[in-house]
Every structure is written in C-alpha cells, then in structure tokens.
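The values are calculated or read from the model by the stated rules, or taken from the named source; none is laboratory data. Here the structure is a predicted model, which means the values were calculated and not measured. Glycine also receives a Cβ, built like all others from the backbone with ideal geometry; neighbour counts cover every protein chain displayed. These accessible areas exclude ligands, DNA and RNA; they are computed on the full protein's heavy atoms, side chains included. Shrake-Rupley method; radii C 1.70, N 1.55, O 1.52, S 1.80 Å.
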Amino acid sequence: MTSAVPHLYPIGVDPADIDFMGHVNNARYLGWVQDAVLSHWRGLAPPDAVAAHLWVALKHEITYRKPTFLGDDVIATVLLERVQGARAFFDTVIRRGDEVLAEIKSSWCSLDAETLRPARLAKSVVAHFFASAPDEG
C-alpha cells in the first residue's frame with residue numbers, strides 16, 4: 001500500500017492580496033495553489049525530471065471555507081492524488097492553524113520541456129511522490 005507524500009508550502013499574505021472587504025481576494029488562492037503545486041514538483045521530483053518537464057494547469061476547483069486576512073500564518077498542504085497518462089491530479093488544502101480556509105482539486109498536464117507536447121511521467125518519477133506503507137500484521 002502507498003500513500004501520498006505531503007508537501008507543505010508556507011504562504012505569505014501581502015497587502016496587495018486584500019480586497020475591498022478586508023480579506024484575501026478569492027483570485028489569489030489560484031496563484032497560491034499554482035505556486036504550491038509547482039513547489040511540490042520541484043521539491044520531490046528528481047532534478048533531471050524537473051528539467052525535462054513543464055506543467056500547465058488544466059482545471060482548478062476551489063472550495064472556499066473561511067476568509068484569510070493580512071497577518072495570517074497560512075500554509076498549503078499539497079498531495080499528488082494520482083497520475084494518468086500525462087495528467088496529474090492534486091489535492092491542496094490551505095490552512096490557518098487547524099482551520100481549513102480552502103480546498104482545491106486541480107489537474108495538470110506534464111509537457112516535454114523541449115517539444116512542449118504532453119509527456120507521460122516515468123513510474124520511477126511518480127514513485128517519489130508516494131511512500132510505501134509498512135506491512136501491517
């Protein structure tokens with residue numbers, strides 16, 4: 001059995017992120033999740049795979065739970081859910097302490113860095129994003 005290796009990505013809330021209602025504008029969450037997912041890729045994939053692949057976002061589905069404010073200590077936790085062909089599916093949860101601020105499901109396409117065409121990831125690369133659970137028993 002395998003489980004996804006979580007990637008923690010700290011988020012700084014800047015004054016420019018705050019909207020007319022006094023909290024982070026919903027559009028900023030999109031930038032945060034994109035930065036967090038790409039950080040996850042660069043942090044766990046082997047350097048040669050990072051150099052050989054680029055990523056384009058295909059879809060983001062964001063569920064907003066609570067507002068985020070200037071000065072909040074915010075962190076995103078990213079998990080690779082699965083890889084199917086050249087597509088990868090990620091779950092990201094943005095939290096302030098124990099409070100869930102937003103949940104994001106996103107899909108991305110891996111591109112060959114030279115041809116810019118969709119490229120499957122080798123199983124050995126995908127394995128870096130999952131940890132084998134110890135046998136129970």
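Listed values, structure above:
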{"read-out": "Failed criterion for ASP91 (all others in (1) over 18 Å from GLN34 (Cα atoms); (2) open to solvent by less than 60 Å² (accessible area, probe 1.4 Å) hold)", "value": "(1)"}
{"read-out": "Number of the condition not met by ASP14 [criteria: (1) surrounded by fewer than 16 Cβ atoms within 10 Å (Cβ to Cβ); (2) in contact with a strand residue (DSSP E or B) (Cβ under 6 Å, 6 or more places away or on another chain)]", "value": "(2)"}
{"read-out": "In the stretch 68-79, the residues that are closer than 14 Å to ASP91 by Cα and crowded, with 17+ Cβ neighbours inside 10 Å", "value": "ALA76, VAL78, LEU79"}
{"read-out": "Residue match in the stretch 122-130 (condition: open to solvent by 60 Å² or more (accessible area, probe 1.4 Å) and either under 17 Å from HIS23 (Cα atoms) or assigned to a strand (DSSP E or B) (or both))", "value": "no"}
{"read-out": "Answer from ARG65, ARG82, ARG96 - the residue that is open to solvent by 50 Å² or more (accessible area, probe 1.4 Å) and either among the hydrophobic types (A, V, I, L, M, F, W, C) or farther than 21 Å from ALA4 by Cα (or both)", "value": "ARG65"}
{"read-out": "Leading residue by the ranking (nearest to VAL24 (Cα to Cα)) among those in the stretch 56-76 that are hydrophobic (A, V, I, L, M, F, W, C) and outside any strand (DSSP E or B)", "value": "PHE69"}
{"read-out": "Filter pass, VAL83 being in a helix (DSSP H, G or I) and under 18 Å from LEU44 (Cα atoms)", "value": "no"}
{"read-out": "Cβ pairs under 6 Å, 6+ apart, first in the stretch 60-79 and touching a residue at least 12 places away in the same chain (Cβ under 8 Å), second open to solvent by 50 Å² or more (accessible area, probe 1.4 Å) and part of a loop (DSSP other than H, G, I, E, B)", "value": "THR77/PRO6; LEU79/PRO6"}
{"read-out": "THR115 vs. criteria surrounded by fewer than 14 Cβ atoms within 10 Å (Cβ to Cβ), at pLDDT below 95 and of a type in the set (Val, Ile, Thr)", "value": "no"}
{"read-out": "Selected residue (only one of ASP17, ASP48 is of a type in the set (Asp, Glu), modelled with pLDDT of 95 or more, more than 18 Å from the chain's Cα centre (by Cα) and farther than 30 Å from SER124 by Cβ)", "value": "ASP17"}
{"read-out": "Enumeration of residues in the stretch 26-59 that are surrounded by fewer than 16 Cβ atoms within 10 Å (Cβ to Cβ), more than 19 Å from ILE75 (Cβ to Cβ) and without any contact (Cβ under 8 Å) to a residue 12 or more places away in the chain", "value": "ALA27, PRO47, ASP48"}
